[in-house]
């Protein structure tokens, strides 16, 4: 199982040192996300200042862009990094796509499927000399003149992994993606009852086997070097979970666990701007179904117990900076057969 770490930085100036640190700790991959900053720019610096660690977006918002732009960016990052790029894509939700990105929204799962197929068609025109004639419901790419064609990528195509929570998007990932990024807002039960069956269904539609597919599970970890650090981490992660839980598209996770009505409560609080009150709506039982918490030395064993035999790679996805000693303890434990 490969282990990925978040490239958490507040500015591009911090990226080189942080990327080197993640590689030296022993992470197999590092990832950025679509947050306060662009997810692609840091990966260029990370590629420049590391040697072997894989670089990934986890995720970039596909529906805020178009396939040609993403194809160009991912091609260049894959070439510059020596074949280390993983293109992680997500759809986001309607309010963000329409109101934040000013882009059209409809049929998100169908759009993500077509977006992925369009990327493959564009890359085929560059790598294989295939005629570009992609004409879909949402995207149309039928012009590729020699001056705009970069030619074959010496390292082939980046892998495309799609993020999904509900059944339909997960099925799309199984059908057309090289992998699935399992959202950190999930439980062992939702993985077993929603994610895995949906992947198998998608793989069947795409005529592929599980061996062709990489399952990347994200996990929210709560730990710290002392009680103060632990409590701070718990507060930040609880807020993160409350934010996720307010999203209607993620209701299916709460319903599996018997907490469907909590989504209504969290959504109401978010619309009223009462963000600070949302974490108080979560109880410890639900938290323990989603997060992994404890002393640094306990975390690896708990993660393995939840994901053993299922995940091909695992990402530490908490939106706070773990102290270096705790990170080393967790990563060493995950890579040890004894954990």
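We did not get these values from a lab; they are worked out from the coordinates using the rules stated. The structure presented is a predicted model; accordingly, all values stated were derived computationally and were not measured. Because the Cβ atoms are built from the backbone with ideal geometry, glycine has one as well, and the counts that use them run over all protein chains shown.
Rounded if a/c is under 1.5, else prolate if a/b is larger than b/c, else oblate: which is region 1-64, with a ≥ b ≥ c the root eigenvalues of its Cα gyration tensor? Working shown, then result.
Numbers: a/c = 1.99, a/b = 1.33, b/c = 1.49.
The shape class here is oblate.
Cβ neighbours within 10 Å, averaged per peptide: list 273-281, 99-107, 181-189 in order, most packed at the top. Walk me through the numbers on the way to the answer.
Working: 273-281: 13.9, 99-107: 12.1, 181-189: 21.3.
Result, highest mean Cβ count within 10 Å first: 181-189, 273-281, 99-107.
Taking the C-alpha atoms only, the angle from helix 167-176 to the longest principal axis of the chain is near 40 degrees. Helical runs (DSSP H, four residues minimum) scored at -39500 (n - 2.57) apiece and divided by the length of the chain put the mean residue ellipticity at 222 nm at -13000 deg cm²/dmol.
For the chain, relative contact order (Cα pairs under 8 Å, six or more residues apart, normalised by length) works out to 16 percent.
The Rg/Rh ratio of region 186-288, with both radii computed over alpha carbons and Rh defined as the Kirkwood radius, is 1.07. Would you mind classifying region 1-143 by shape? Square roots of the alpha carbon gyration tensor eigenvalues, ordered a ≥ b ≥ c; an a/c under 1.5 is rounded, otherwise it is prolate if a/b is larger than b/c and oblate if not. Verdict is oblate for region 1-143.
Let me know the shape class of region 258-305, please: from the alpha-carbon gyration tensor, a ≥ b ≥ c as square roots of the eigenvalues, rounded when a/c is under 1.5, otherwise prolate if a/b is greater than b/c, or oblate. Since a/c reaches 1.5 and a/b is larger than b/c, the shape of region 258-305 is classed as prolate. Short-range pairs are left out: with C-alpha atoms under 8 Å and at least six residues apart, the relative contact order of region 23-104 is 30 percent. At q = 0.19, 0.31 Å⁻¹, what log₁₀ I(q)/I(0) does a Debye calculation on the Cα points of region 44-88 give, no solvent, two decimals? Values returned for q = 0.19, 0.31 Å⁻¹ are -0.55, -1.16. Helix 196-206 axis versus longest C-alpha principal axis of the chain: approximately 10°, rounded to the nearest ten.
Of the Cα atoms belonging to the chain, the radius of gyration and Dmax stand at 19.8, 61 Å. The separation of region 188-267 from region 84-128, counted between C-alpha centres, amounts to 22 Å. Over region 127-222, the alpha carbon radius of gyration divided by the compact-protein estimate 2.2 N^0.38 Å works out to 1.35.
Taking a point 7 Å out from the Cα of residue 295 in the direction of its Cβ, the residues of region 221-251 whose backbone N falls within less than 20 Å of it are 221-234. Between helix 108-127 and the chain there is an angle of about 50 degrees, using the helix long axis and the longest principal axis of the Cα atoms.
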